[in-house]
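For reference, the structure discussed in these notes is given below.
Each reported figure results from applying straightforward, stated rules to the coordinates on display, with no laboratory input. In this text the structure is predicted, and so the values were computed from the model without any measurement. We place every Cβ from the backbone using ideal geometry, glycine too, and count neighbours over all the protein chains shown.
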């Protein structure tokens, strides 16, 4: 299995889903339980940089991953978000979609459903303090001022392994 890079960040251990043109990873600092990212294999900064085949495959992956995430986290819906470009709050220059399982009750944002967007923007902005120009994989860095502690690689790998099982289950019943 080849290594996966999210921009210049090596994320192979966090991956739980792969298709020929995209993959999904668990999040370092999830806003809600089950918050994951779906990413095209080719590291392009903007949606408009993807060709039609890549974009179609990415949307199919978002749908497939979203269905599983919603089911296994017992969610009533999903927030699907993409910050497309720096002006939109994108800090990692590689197209990616956030999938957040949402619940009517017991959701961190139950009383104000739209409060998830500023939280998402803050999370995106604090994910990396900088990106290196080199092509070498970089470790994730996070700002210390966020009250959510980053998860350990061990915690992320454990969740990725658990989620991977639900996709293997789907393949065997297809």
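For the reader, a short list of remarks on this structure follows.
- 18 Å tail of the calculated P(r), region 5-129, as % of Cα pairs: 50 percent
- In plain terms, the residue of 98, 53 with the fewest other Cβ atoms within 10 Å comes first and the most crowded comes last, giving 53, 98.
- Cβ-to-Cβ counts within 10 Å put 106, 7, 61 in ascending order as 106, 7, 61, the fewest first.
- Listed by Cβ neighbour count within 10 Å, with the fewest neighbours leading, 59, 156 appear as 59, 156.
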